[in-house]
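The structure appears right after this line, and notes come after that.
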Amino acid sequence: AIVAYPRTESDVRKTARFSWQLAKRGRTLPITARGGGSNTSGSAIGSGILLVFTAHMNKILMLDAKKEFVVVEPGATYDKLEQTLYTHGLFLPPYPGSQHYASIGGGIATNAIGEKSVKYGVTGQYVEKLRVVLANGEVIETGPVSKRELNKKMGLATFEGEIYRALDALLEENTVLISEEKQRVRALRDAVGYNLSAVRTKKGFDLTPLFIGSQGTLGIITEATMEVVSHNPINSMALISLENLTDLHGLLPEILKLKPSICDMINRSAIELVRQINPNQLSDVMDKPSAAIHLFVEFDDIKDSEQKKALKKLRKLAQKSDAGFHATREPEEIEKYWKIRHSISTILTQQHGHQKAIPVAEDICVPVNSLVEFLTHAEKIYESNGLPAAAWGHAGDGVVRMQPMLDLGQVGDRQKMFKVAEAIYSLVKKLEGSISAAAGDGRIRAPYVPHVHSPEYFALIQKVKRIFDPYNILNPGVKSASAEEVRALMRGEYDLAHHHEHLPRS
């Protein structure tokens, strides 16, 4: 209904109060906070007010290079922040693949991960505190509070006080359920629901983990204070090509013992699809294109000797698996290896006839020791539906991305999309994985949350949502939606043009 480009936190507060007052009178005009729109779960679109932060609220407000922290507005892109940090020998490690247009606010709201997460972890680990506009327009600052400070918060006569009182009681009553649910998913990365287990600490209470990964459903982030770390621009890179997928099962855990900064993968089907779309793209950079799977392993240890030692051990591991092995420390050669990994963009951005790569069941995570089993069964699922089983992702984290080539203008392909999603999510549940490693539930994945969590925990998620947003005006439908609601939102086409079209001219 409305697209708004806030210039200040005050604009966000006014918008929230406006929507809150309407809701109190029985009229709902929901608010969706939006960054670069790169999220693939449907969480950056909404029917009411779209608050787009990348136009104006995109500043780096403060950088302390000595204490290694930065204060940023939500619309700043990872790319913009990274350029600034690099000049001080620093970086924010969990940048996503869409870093050139993905916003920091969006990354926090989805707890983004990236190629460096295997060593450095997820976005949430770097968030120290947040400024958040609540559903009624109040502004709060999140961060660790002691038990004494918590009692003060709970005594407030404001909406913030209501939230602290209700949430503290809810967490106290459901301690066992939350603990059990945390053990249910064995996958390393899980961005489904809310991170309830991290709110109560030994020292007190912290709302920050709730907003991380909440996808704008609990409040609207207007400022973030984040930790940054030292960056080493000189690194070593290895390309390992395995003829048999089963060899990955024994090799991967040994590679991870070497603590690589990147451990990514791309499979044979993906390479074949790239070559089918663009036959000459990889002709000068691959000598084993028919290998079952290729691993890209990087080391960024500060000491050169540590990098050399890791490469030497990695070479021995590859030789034991009879794998193809290439390693280098030369930037030009490293760029060649990345050309193979980044060839995925050919699949994502170029049409294959009337078909395009559609983001469905494409952000899953399984335990690392179940990765080979998942890839094997996923290939069968794709082949049974007449689709190439192109797969890539962060092998070291057990994160797999697969985007089927479909024509959404065809009813048969739309049905096939839901069929593939059901089969992949069922497989993920069997392997005790997560249906979303980093993109969150979103409108697309919300119907499948019961594939991961128990009905009791799912109900708890809804209670948390009601505590923060009693009138359901903050990005409704993102943490709970039926399959029928999702089907009703389906369009007959899909493209990525919106990355270039959503900003105002002034």
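The values are calculated or read from the model by the stated rules, or taken from the named source; none is laboratory data. Remember, it's a predicted structure, so these values are computed and weren't measured experimentally. Reconstructed Cβ throughout: ideal geometry from the backbone, glycine too, with neighbour counts over all protein chains shown. For the accessible areas, the whole protein counts, side chains as well, though only heavy atoms, and no ligand, DNA or RNA atoms are used. Shrake-Rupley method; radii C 1.70, N 1.55, O 1.52, S 1.80 Å.
Details
- Residues that are part of a helix (DSSP H, G or I), acidic (Asp, Glu) and open to solvent by 10 Å² or more (accessible area, probe 1.4 Å), drawn from region 388-444: ASP413, GLU422
- Condition check for TYR337: over 30 Å from ILE444 (Cα atoms) and among the aromatic types (Phe, Trp, Tyr): yes
- Members of region 186-209 that are within 28 Å of LEU427 (Cα to Cα) and open to solvent by less than 20 Å² (accessible area, probe 1.4 Å): ALA187, ALA191, VAL192, GLY193, TYR194, LEU196
- Across region 307-322, the number of residues qualifying as open to solvent by 20 Å² or more (accessible area, probe 1.4 Å) and either touching a Ser or Thr at 6+ places or on another chain (Cβ under 8 Å) or under 16 Å from PRO260 (Cα atoms) (or both) comes to 8.
- For beta carbons closer than 6 Å, sequence separation of 6+ or different chains, a first residue in region 385-407 that is touching a residue at least 12 places away in the same chain (Cβ under 8 Å) and a second that is open to solvent by 10 Å² or more (accessible area, probe 1.4 Å) and of a type in the set (S, T, N, Q), the qualifying pairs are PRO388/SER269; ALA389/SER269; ALA390/SER269; ALA391/ASN267; MET405/GLN355; LEU406/GLN355; ASP407/GLN355.
- Complete set of residues in region 323-345 that are open to solvent by less than 40 Å² (accessible area, probe 1.4 Å) and in a helix (DSSP H, G or I): ILE334, TYR337, TRP338, ILE340, ARG341, ILE344
- Residue selected from region 5-52 under the condition part of a strand (DSSP E or B) and in contact with a helix residue (DSSP H, G or I) (Cβ under 9 Å, 6 or more places away or on another chain), by the criterion surrounded by the fewest Cβ atoms within 10 Å (Cβ to Cβ): ILE49
- Residue match in region 297-306 (condition: part of a helix (DSSP H, G or I) and open to solvent by less than 40 Å² (accessible area, probe 1.4 Å)): no
- When we screen GLY97, GLY106, GLY75, GLY46 for residues that are touching a Pro at 6+ places or on another chain (Cβ under 8 Å) and under 27 Å from ILE344 (Cβ atoms), the only hit is GLY106.
- Qualifying positions in region 449-475 - at pLDDT 85 or above, open to solvent by less than 50 Å² (accessible area, probe 1.4 Å), out of contact with any Gly (no Cβ under 8 Å at 6 or more places or on another chain) and within 19 Å of ALA191 (Cα to Cα): SER454, ALA459, LEU460, GLN462, VAL464, LYS465
- Number of the exception - LEU348 against (1) surrounded by fewer than 22 Cβ atoms within 10 Å (Cβ to Cβ); (2) free of Cβ contacts under 8 Å to residues at least 60 places away in the same chain; (3) not in a loop (DSSP other than H, G, I, E, B): (2)
- For region 287-296, a residue qualifies if it is within 15 Å of MET237 (Cβ to Cβ) and either touching a Lys or Arg at 6+ places or on another chain (Cβ under 7 Å) or surrounded by fewer than 21 Cβ atoms within 10 Å (Cβ to Cβ) (or both), and exactly one does: PHE296.
- Selection count where residues are touching a residue at least 60 places away in the same chain (Cβ under 8 Å), among the charged types (D, E, K, R), open to solvent by 10 Å² or more (accessible area, probe 1.4 Å) and not in a helix (DSSP H, G or I), scope region 244-277: 1
- If you check ASN280, ASN232 for being open to solvent by 20 Å² or more (accessible area, probe 1.4 Å), assigned to a loop (DSSP other than H, G, I, E, B) and touching a residue at least 40 places away in the same chain (Cβ under 8 Å), only one passes: ASN232.
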